[in-house]
Every structure is written in structure tokens, then in C-alpha cells.
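Just so it is clear, none of the values below were taken in a lab; they were calculated from the coordinates. Here the structure is a predicted model, which is why all the values come from computation and not from measurement. Glycine also receives a Cβ, built like all others from the backbone with ideal geometry; neighbour counts cover every protein chain displayed.
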Amino acid sequence: MSIDLESTVLERITPDEKPLISSKVNEIPPCEAGESCNLPTDIVLRSSDGIRFGAHSKNLEIYSDGFPIADSVVRSAEDIILPEDSDVVLLLLRFMHYQPQPDLSLLASRLLIKFANAVEKYRVYSATGVCKVMIGLSVDDQPFEVFLYAQRHGYLSIMDKAGKLAITQEPANFFAYAHSIGDTTWRDLAELETHNLPTKEVWEALRQYPDWPPIFGAWYLKREQMREAIFDALKNPNPVLHKGGLMHCADWYPFLADVLGKMGTSIPSYKTFVQVIESCLPRLNGCTHCNIVVNNVIKSRMYTLDVIARKSLASYLDGDR
Ligand SMILES: [Zn+2]
Ligand SMILES: [Zn+2]
């Protein structure tokens, strides 16, 4: 017996997501998905966690696109193995009956996303609209996953909201993902949020995908440029004359040594720079002249670091620093 699945859903999904056909011979279980459903079951859908669901091939044909159609399956004892979990398969089958629809507002966010992706994949149109609405309402719960869903299915308004939230929640992962799909707009937006992250975190996010070395190199060059800008300012601050015409008082040098030492092992961002300076201020013993020097250094770096931070990664990739 042959079932022609290739012309339907399989064109839209990757090989490891394809339903498989098992040669195991088993009884076909009764329907669990319909409310007091008396229709005969003639096909078995087996979930990825091994649960067998008796289903009606006629309903699959009417309510979806991608499951074997009724005419091609005549009371088969072979299981169709789906890549979806049993909780998703049961929901799919519930939406493929003429009955009141399950209340999706009761679903946990993770299940809702899995189900929403499945209904798009099998084109269960009785559920696509309500899933889109429910996901639009729960963007905050898992914005990265929602972004992937919205992008895959072309829901632009949800994608925009989810992307912005995902950038603030998982900047390194989002940055790496946007790079992997070649979306430079989202990549550069996410990159702006990575400046306060440890180098290792960004590197680990990027190397989940192939072709990471050039983008990591560009990102790291930018980071080093910020580090250079910070140390340049610390090495040559504009002095403020102290009493007696002195350029610095005795408290300046322990303060400077402390700042240089801490910045040497800190993330070179404006935020960290200010935090380090504030933590070292007690070493100035309240010298108002040195405090003016420090304030000037912070002010001048605020502008310089902001200019570097806003430079696009493309300029580093092109070698035009
Ligand atoms: Zn049924
Ligand atoms: Zn001083």
C-alpha cells in the first residue's frame, strides 16, 4: 500500500519532522478526541512519545491538509508516526471534529506554541486564527519562541512585538539567531543589547550556528575599541590644578590604580565603566579637584562610547573601523 504524502504537507516541513509510516500491526483504538464521538476509527496517529490515537481519515481530510486523505487509506493497520507530542496530537484531533472547540486560554504557553506551530503545519484552519490571537496575547511569556512562530508564518505585527521583547530578555541568543538567518536589521538591534554581557556568553550563543567566526570577530573588534577608548581617557585625563599648582594630589594615583585594575577585568561598556569609577571614588578622600577630573572623564567617555556602541557591525565586518 502506498500513501502519497509528498504532495501535501511534506513540502513545507523538514525531513526530521515528517510523519513516518510504521509497519507495526496493531488494533485501531477508539476515538478519544470527540465529545461522545461514535464515528468509526480507521487510522492510527502515533505521537512522538509513543501514544496511539485512533482517528477518522475523513475528518483529517476535511479539517486539515497534510494528513493522509480518506481515499488513500482504506482501514489500514499501519500507524502514522507524527513528530508532535501526544498533548499536541490530541488537541489537533479535537479541532478536527464538529464540536465546541477546546478553551486554548487554559493551555500553558509552551504547549500553546507547539500546538500553534502544528496547526499551521497541517493547516488546521479551524484552529489557526484562535491560536494566532492567543499567542498575540501571551507574547511576554516566551517572546523568542513567539518570534520564531510569527516569523515562520508571516504574522508581522506579532513578530515585531515579540522580537523587541526577545532582544531584552535573551539578547545574545537573539543576536546569534538573527545573524544565522541573515537578518541584519534584527541582528544589529540585538547587538546593541549585548554590550553589557560577558564575551563568553556572546561567543557561546554565536557558535551554536555555523559561520560564526566572522561575526564574532566583528563583535569583538567593537568591544576592543570600547576598551581602548576607556583606557585612553584614564591614561590622559585633563588635569585640574590643585592648590600650590599641583596637577594631581597624592590621592589620585591609588584611585587610578584601582580603576585601571578593575577595568582590566571588567566588561568595557559605559555602564560598567561608571560602576567601577563609583566603586573607587572613596580613594579620592573627597578631593574636589580630582572629582572634577573624574566627572570630565565620565562625560567625555559617555559621548565617545555611545558613538562606538551605535556603529553598525557591518562596518566592522567590512574592515572599515
Ligand atoms: Zn472522533
Ligand atoms: Zn586631588
Radius ratio Rg over Rh of region 181-279, counting only Cα atoms, Kirkwood formula for Rh: 1.14
Over region 20-138, what is the mean sequence separation of C-alpha contacts under 8 Å (at least six apart), divided by residue count, expressed as relative contact order in percent? 26
Among Ile215, Ala116, Tyr253, whose Cα projects farthest towards the positive end of the dipole of the chain, with charges put on the beta-carbon of Lys, Arg (+1) and Asp, Glu (-1)? Tyr253
Cα gyration tensor category, rounded, prolate or oblate, for the chain with a/c compared to 1.5: prolate
Where a Cα-Cα gap under 25 Å defines reach, which lysines qualify for Lys243, not counting those fewer than 8 residues away within the same chain? Lys235, Lys299
The set of residues whose placed amide H lies less than 5 Å from the amide H of Ile43, leaving out same-chain residues fewer than 5 positions away, is Ala55, Ser57
Under 20 Å from the Cα of Lys121, which lysines turn up, not counting those fewer than eight places away in the same chain? Lys18, Lys58, Lys132
So for the chain, averaging the separation of alpha carbon pairs under 8 Å that are six or more residues apart and normalising by length, what relative contact order in percent results? 11
Which aspartates and glutamates does Lys271 reach when only Cα atoms under 15 Å apart count, and residues fewer than 8 places away in its own chain are ignored? Glu193, Asp306
So if I restrict to the alpha-carbon atoms in region 20-138, what is the Rg, and what is Dmax, the biggest pairwise distance, in Å? 13.8, 44
